[in-house]
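All remarks here apply to the structure that follows.
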Amino acid sequence: MPKSVAVKTAWIGAVAVVFAAVISGVFSLFSKGGGDSGNVVQEMKDSPQSIQAGRDVNINIGTDRSVHAPSAEKLLPKKQIAGIEFKNEKPFVEQVVLGNESFRGYRFRVQIENKSSETTLIVKHVKLVDLQQLEGNAFKAWMNAEPVYLEWDGTKSTEIPPQDKVLIPFARIYPPELQRITDGLLSGGVDTPQLRFIVQPGTWPRKMTSHIPPGTHRFKVQVFFEKGPPAEIKLELEWPGTRRETPDAMVQEIKITKL
């Protein structure tokens, strides 16, 4: 169903619910006696304009009774104001200098956008879910994969102001020279480049290897907020197991596509 039709249908349904409740309340109170039918008719006549304008209405029934009718806007689902994006190019693929500028690695980042003109988004957490690997002609769950929490970039505030965008890393590749220093206890070996998701320390499940083996993988990145629905992106990653010296060469070597 087209979005415009769905929204219109939801609005009509919401208004119908409101007036069904109002009519029910009116007849219930009338059956008990009392009430001024002239006032009720006039206020019910004015109510559609109030609800359409997004205002609550109180319909008076007699001198000391009223039925409260919430606006249709409050009955509709909350609007998604967060967007999430990835492109296999700079600045989504970033070369980083590490270890007193001795090593150069790569980080892969999703962009989170606050589309609202007035509401600040507050990020609660970021999750990696539905990790799969291509086996033959079908994608299958990878290594008993389970959801894991990605680490929020410590240089970024968890607040995203209206109309603002932030880039948050979800995976990285370090050169072997740096891996020998930082990744000695991790799976995959340290003498060849390894692709690893950037997870919160100590949260990677023990039954899953911490490196992503060469091959084709699919996964979702979900961003949850203090208020409102989460944002989600599904990506496909082709990883040949090699690392290049420049960002332009790297994006040709490892391909990450938004599905």
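Residues in region 134-157 that are surrounded by 13 or more Cβ atoms within 10 Å (Cβ to Cβ) and modelled with pLDDT of 90 or more were compared, and the one that is farthest from Arg243 (Cα to Cα) is Phe139.
Residues of region 161-179 being surrounded by 20 or more Cβ atoms within 10 Å (Cβ to Cβ) and either assigned to a loop (DSSP other than H, G, I, E, B) or touching a helix residue (DSSP H, G or I) at 6+ places or on another chain (Cβ under 9 Å) (or both), which ones? Once the filter is applied, which keeps residues that are surrounded by 20 or more Cβ atoms within 10 Å (Cβ to Cβ) and either assigned to a loop (DSSP other than H, G, I, E, B) or touching a helix residue (DSSP H, G or I) at 6+ places or on another chain (Cβ under 9 Å) (or both), region 161-179 yields Ile173, Tyr174. When the criteria are applied in full, Ile198 fails the requirement of being open to solvent by less than 40 Å² (accessible area, probe 1.4 Å), under 16 Å from Thr242 (Cα atoms), at pLDDT 80 or above and not polar (S, T, N, Q).
Ser117 meets the conditions (1) open to solvent by 40 Å² or more (accessible area, probe 1.4 Å); (2) part of a strand (DSSP E or B); (3) modelled with pLDDT of 90 or more in every case but one. The failed one is (2). None of Gly188, Gly184 is open to solvent by 40 Å² or more (accessible area, probe 1.4 Å), out of contact with any Asp or Glu (no Cβ under 9 Å at 6 or more places or on another chain) and modelled with pLDDT under 80 except Gly184.
For region 183-195, which positions are under 31 Å from the mean Cα position of the chain (by Cα) and either of a type in the set (Ser, Thr, Tyr) or within 12 Å of Gly241 (Cα to Cα) (or both)? Across region 183-195, the qualifying residues are Ser187, Gly188, Pro193, Gln194, Leu195.
Among the residues of region 201-220, those that are at pLDDT 75 or above and over 25 Å from the mean Cα position of the chain (by Cα) comprise Pro213, Pro214, Gly215.
Of the residues making up region 81-114, those that are surrounded by fewer than 16 Cβ atoms within 10 Å (Cβ to Cβ) and in a loop (DSSP other than H, G, I, E, B) number 8.
The values are calculated or read from the model by the stated rules, or taken from the named source; none is laboratory data. Given the structure is predicted, the values throughout are model-derived calculations rather than measurements. Every residue, glycine among them, receives a Cβ derived from its backbone with ideal geometry; neighbour counts consider all protein chains shown. With ligands, DNA and RNA removed, areas are computed over all heavy atoms of the protein, side chains included. Shrake-Rupley method; radii C 1.70, N 1.55, O 1.52, S 1.80 Å.
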